[in-house]
Amino acid sequence: MNKLNITSKSDSISGLIERVTYHDENSGFSVLQVKVKGHRNLVSVIGHAAGISAGEWIDARGVWKQNRNYGLQFEANELKSSPPSSLDGIAKYLGSGLIKGIGPVYAKKLVARFGKQVLDVIENHSAKLETVEGIGPGRRKKIKVAWNEQKAVRDIMIFLHSHGVGTSKAVKIFKTYGDDSIEVIRKNPFVLAKDIHGIGFMSADKIALQVGIPKESRERVEACINHILLEATQDGHCALPREQLIEKTANMLNVPDNIVTETLTAMNTEQTVSFENIDGAIMVFHPGLSNAESYIAGRILGLINLPPVYPNIDIQKAMEWFQTKTGKALSPSQQEAFTCAFDNRVVILTGGPGVGKTTWVQALITVLSAKKVNCLLCAPTGRAAKRLAEATGHPAKTIHRLLEFQPNRGFTRNEKYPLECNLLVVDEMSMVDILLFHKLLRALPPDAHLVMVGDADQLPSVGPGSLLKDLIDSKRVPCFRLSQIFRQAAGSHIIVNSHRINNGQMPELPENGVTSDFYFIERKEPEAILNTVIKVVSERIPQRFGLDPTADIQVLTPMNRGILGTRTLNETLRNSLNPETSPESSIHRYGWAFRINDKVIQTENNYNKDVFNGDIGIIRDIDNTEQTVYIKFESGIVEYEFSDLDQVLPAYAITIHKSQGSEFPAVVIPIDTSHYVMLQRNLIYTAVTRGKQLVVLIGKPSAMAIAVRNAKTQKRFTALINRMHGSINS
């Protein structure tokens, strides 16, 4: 290597990119290995580029620096790339995974056949590709489409980067808007926040200001108001107080309050938002949420006032028949609730684990099915529906499948095409939000009965509203709370301690050396808690209980950030349970490294793939040539393009919120005072009730005591209770 003076003096280099060691699509930060003339070894170049691939030629300006861990590096403050011109560069470029359908093998074949003209052949004479062995019409078309897409995507990336916005969503932007992407964004950048999952208002606003949209323009203020209201729904709210909304919008945009007030008033007049007086405060709703709450209240009140239409049944004999048939006797409180279900068109059954909610549902379904009553069962998640079906012996579906949801068309079942049933049972009601329940009620036949089952003390739905709690608190719906723990459940420390926690008591712990299904391992420092979590998951539980550390054990934590948050836990657990074996077995996307055999969780509903928020799977294969990842879920193998990987996250550790509706053979829960803002009774209660065979808490007893004592929950802005009592003024 040439002798170098390592100073702050600016220098420039040019060369061929041999390998892209790292590239963050969002920030553009890149680590490149470059063949530079006059340097015997590859030069490590650090810089930012919107898009970069092996085989490209780069011109860089920057400074040489000696890195303690990585040695000599060239830190570029200017980095420009251009298409390759040498045969070696072209082969690396085509084989880098840039173009779907071309890997290293086909790259060499193409260069051997067409030489330096290969890029022109792909772009302008793609039919000639079929003269290469192994390339037929199907692969040729795929290569041509991928070539056009990567060119358009790179233009979008450069445009976004020039406006200071990350480029990780460039592929999704292209797939949404096609060749008109840049023109669409220039005309109205705020569509990005509305249409592209993962792009927020602030990124869109940054572009808007740079392309000349006035700071106080109506479209900018309106977009911000819609953004804040949408963000509020993600925190569970159905509305926001008008004054709070005005203040937050004005602060976010740095505009006067009166500009926001004028825009908000105009939006109310145009009915793109609605003002409603709730308990003396003016609340601002998106019309869809206001209409959903109003419909739910009206439909439930209507059901309450209708008589039951079941066939004549001797209730006492029916319960005795069920006991004879199944060997399960109903408790006095279950019998009372059972009778109530036959006396009303709508009823709620609630209670904690082990109190017999599922047995009660089984009794109801068994008796009514014997009388030829058509019963449908559903739950919000696939796991919950499967568990309900196994427990009752009756088929159960997710709500989306029951309503026959179709991508791009929505829910097939509605008032015009209602469900075919005399009774609809909805389990895990605490997870159901206002919007989904609105769709479900629209499909409920006029003469059907409705039974809602759930644990009102668990966390509320991830989506807007506190549906189950509000319906119970309205005191308008017949409701029964089961509280007696059944004898077989009373032997489980998980169930007993769940109820203790829910009642504000510390859990009872087994004596030293006594085998139990509930443990608390005391550790005082976050680092010690983290190390113990890793050891318990990877060694102690598998050795003592024979459980698989990836498939059977789930770490649940209150937060995403911090040393005990999901990010750190996932990185540490994955390095212990699934270390990298080769570069080809992993890819970097959206700030994460994904490896074969990684445990991942779906973070949004994807109806095209038939996978849903909260579904957990295992990565079975990564195809760099086809830019495809194959993930095994309970429903089967699902194919993801690399650009779709923003829908999944590592799942060795997940938040407690994400665990709703799921059960795991074993759960491990780190708990520390650093989680202070999240130390709430219903959060810990929900986490503990996710464990089926084993629950292990690791951390500070003082943190557990804080959580158990803290029965306060964040108030959600909803109006369902008011609507149930007719106490709303527009």
request  = Based solely on C-alpha atoms, express the radius of gyration and the Dmax of region 477-589 in angstrom.
outcome  = 18.3, 60
ask   = Using Cα atoms only, what is the angle between the long axis of helix 201-210 and the major principal axis of the chain, expressed in degrees (0 to 90) to the nearest 10?
value = 40 degrees
Region 373-529 - charge dipole about Cα centre, Lys and Arg +1 at Cβ, Asp and Glu -1, debye rounded to 20 = 560 debye
ask   = Can you give me the Cα centroid spacing of region 441-486 and region 82-147 in angstrom?
value = 59 Å
request  = Give the whole-number value, in cubic angstrom per residue, of the convex hull volume spanned by the C-alpha atoms of region 12-59.
outcome  = 62 Å³
ask   = Under the rule of -39500 (n - 2.57) per DSSP H run of 4 or more residues, summed and divided by the residues of the chain, what mean residue ellipticity at 222 nm is obtained, to the nearest 500 deg cm²/dmol?
value = -11000 deg cm²/dmol
message = Net charge around THR689, counting only other residues with Cβ within less than 9 Å of its Cβ (Lys, Arg = +1; Asp, Glu = -1)?
response = -1
request  = Report the local net charge at LEU42: Lys and Arg +1, Asp and Glu -1, summed over other residues whose C-beta lies under 14 Å from its C-beta.
outcome  = +3
query = Counting DSSP beta bridges in region 343-451, what percent are antiparallel, to the nearest 5?
reply = 15 percent
inquiry  = Taking the 0 to 90 degree range and rounding to the nearest ten, how far is the long axis of helix 218-234 tilted relative to the main principal axis of the chain, both from C-alpha atoms?
reply    = 50 degrees
message = Take the residue pairs LYS469/LYS632; LYS35/LYS535; LYS108/LYS609; LYS416/LYS469; LYS416/LYS609; LYS215/LYS609 and return only those whose Cα atoms are more than 32 Å apart.
response = LYS469/LYS632; LYS35/LYS535; LYS108/LYS609; LYS215/LYS609
task = Let me know the whole percent of all Cα-Cα pairs from region 615-671 that are separated by more than 14 Å.
result = 62 percent
key: Carbon plus sulfur fraction of accessible area for region 602-730, probe 1.4 Å, in percent   = 47 percent
query = Using θ = phi - 60° and the Karplus form 6.51 cos²θ - 1.76 cosθ + 1.60, what ³J(HN,Hα) does each residue of region 410-427 get, whole Hz, x for Gly and Pro?
reply = x, 7, 6, 7, 7, 4, 7, 9, x, 5, 9, 7, 9, 9, 10, 10, 10, 9
key: Antiparallel %, DSSP beta bridges [both residues in the chain], to 5   = 60 percent
message = So if I place +1 on the C-beta of Lys and Arg and -1 on the C-beta of Asp and Glu, and nothing else carries charge, what would the dipole magnitude of the chain be about its Cα centre? I want it in debye, nearest 20.
response = 1040 debye
note = Options [x] 48, 32, 27; [y] 48, 37, 22; [z] 51, 32, 27 for semi-axes √(5λ) of the Cα gyration tensor in Å; the value derived from the coordinates is listed as [z]
Crossing angle, helix 257-269 versus the chain [Cα axis fit, 0-90 degrees, rounded to tens] = 60 degrees
note = Checked against the positive end of the charge dipole of region 637-730 (+1 on Cβ of Lys and Arg, -1 on Cβ of Asp and Glu, about the Cα centre), the farthest of PRO670, ALA719, LEU645 is ALA719
request  = Find how many whole Å separate the alpha carbon centroid of region 670-707 from the alpha carbon centroid of region 346-420.
outcome  = 31 Å
Restraint check, LYS475/LYS658; LYS151/LYS599; LYS386/LYS439, Cα-Cα greater than 24 Å = LYS475/LYS658; LYS151/LYS599
ask   = Which of the residue pairs LYS142/LYS397; LYS128/LYS169; LYS169/LYS248; LYS397/LYS700; LYS194/LYS248 have a Cα-Cα distance greater than 31 Å in the structure shown?
value = LYS142/LYS397; LYS128/LYS169; LYS397/LYS700
query = In the neighborhood of LEU720, defined by Cβ-to-Cβ distances under 14 Å, what is the net charge if each Lys or Arg adds +1 and each Asp or Glu adds -1?
reply = +1
note = Checking rank on 239-249, 38-48, with mean other Cβ inside 10 Å and highest first, the result is 239-249, 38-48
Peptide ranges 307-313, 454-460, 320-326 listed from the most packed, as the mean C-beta count within 10 angstrom indicates = 454-460, 320-326, 307-313
request  = Place a +1 charge on the Cβ of each Lys and Arg in region 637-730 and a -1 charge on the Cβ of each Asp and Glu, then give the dipole magnitude about the Cα centre in debye, rounded to the nearest 20.
outcome  = 800 debye
inquiry  = Could you tell me how far the Cα centroid of region 267-325 sits from the Cα centroid of region 559-616, in Å?
reply    = 39 Å
task = Using only alpha carbon positions, build the gyration tensor of region 163-246, then give the equivalent ellipsoid semi-axes as the square roots of 5 times its eigenvalues, largest first, whole angstrom.
result = 24, 16, 10
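The values are calculated or read from the model by the stated rules, or taken from the named source; none is laboratory data. All values reported here derive from a predicted model rather than from experimental measurement. In this analysis, Cβ positions are derived from the backbone assuming ideal geometry, glycine residues included, and neighbour counts consider all displayed protein chains. Protein only, heavy atoms only, side chains kept; ligands, DNA and RNA dropped before computing areas. Shrake-Rupley method; radii C 1.70, N 1.55, O 1.52, S 1.80 Å.
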